[in-house]
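Visitor: First the structure, which I've put down as structure tokens, then a few questions once you've had a look.
A short reminder: the numbers here are calculations on the coordinates, not readings from a lab. The model shown is predicted, which means the values in this text are computed figures rather than measured ones. Cβ: placed from backbone, ideal geometry, glycine included. Neighbour counts: every protein chain shown.
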């Protein structure tokens with residue numbers, strides 16, 4: 001009983017530290033966690049994380065599986081990674097619904113883009129996932145090349161802003177986004193943008209830029225005569241490959257990065273579509 005009490009206290013300490021930015025380091029989540037026990041971290045941080053690593057039992061390497069039932073392969077909703085993503089999205093529901101109301105992009109469409117990015121991160125960093133994100137049931141917020149909960153690159157966010165403020169852009173969808181993206185004239189734009197996308201305590205801007213990307217892509221395709229409102233798999237595919245891969249045509253192909261979840265291979269777009277059409281998190285409105 002004392003052991004579990006200690007574990008609970010340590011996780012609470014880590015969570016509180018995250019909320020107040022005590023452990024924040026510029027760099028990707030995987031980079032930060034790979035250096036948890038190196039000399040570059042503070043002695044207090046090193047001691048705390050070392051204790052957690054020793055106290056929290058890791059799954060044995062032999063026969064380790066993502067599947068909640070212990071089988072070798074399973075569908076993505078039956079994985080430990082999905083359980084954590086679902087818990088993180090539930091915590092962020094007020095933010096997702098706020099962004100949906102502000103942009104007109106449905107909560108489920110926004111989440112459909114976030115889900116494959118989170119599953120990709122969790123499955124590619126298994127030890128970090130098992131020891132850190134799984135116990136705390138939180139989403140990973142990347143902060144190096146791909147940023148925030150959906151993995152938007154900073155240069156992509158800049159392009160989103162450019163399109164939102166350019167009525168001549170084929171991606172322009174109206175003036176409503178300008179005030180959502182406005183900056184203090186005295187602010188350092190790049191610094192503020194980076195902080196917007198990587199704020200671990202508040203994912204609002206991460207969801208906002210994700211939704212605006214979706215809306216801009218839909219506007220581009222609508223101008224070309226194609227409606228993507230019922231194709232979250234295509235929207236997510238384009239989100240994954242970027243604006244340069246958005247070429248409106250009659251028969252778009254679902255694709256994107258390969259993601260292995262529960263021993264099953266998916267593309268980024270197909271995983272987004274599978275979530276969107278599933279009964280998972282039914283409270284995320286389509």
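Visitor: Compute the orientation-averaged projected area for the range 211-255 from the convex hull of its Cα atoms and round it to one decimal in nm². Mind showing how you got there, number by number?
Guide: Values: hull surface 10.9 nm².
So the Cα hull casts an average projection of 2.7 nm².
Visitor: What is the range 77-277 by shape, rounded, prolate or oblate, if you read a ≥ b ≥ c off the alpha carbon gyration tensor as root eigenvalues and call it rounded for a/c under 1.5, prolate for a/b larger than b/c, and oblate otherwise? Each step should come with its number before you reach the end.
Guide: On the way: a/c = 1.88, a/b = 1.22, b/c = 1.53.
Verdict is oblate for the range 77-277.
Visitor: Could you put 276, 207 in order, starting from the residue whose Cβ has the fewest other Cβ atoms within 10 Å? Mind showing how you got there, number by number?
Guide: Values: 276 23, 207 27.
Final ranking by Cβ density, sparse to dense: 276, 207.
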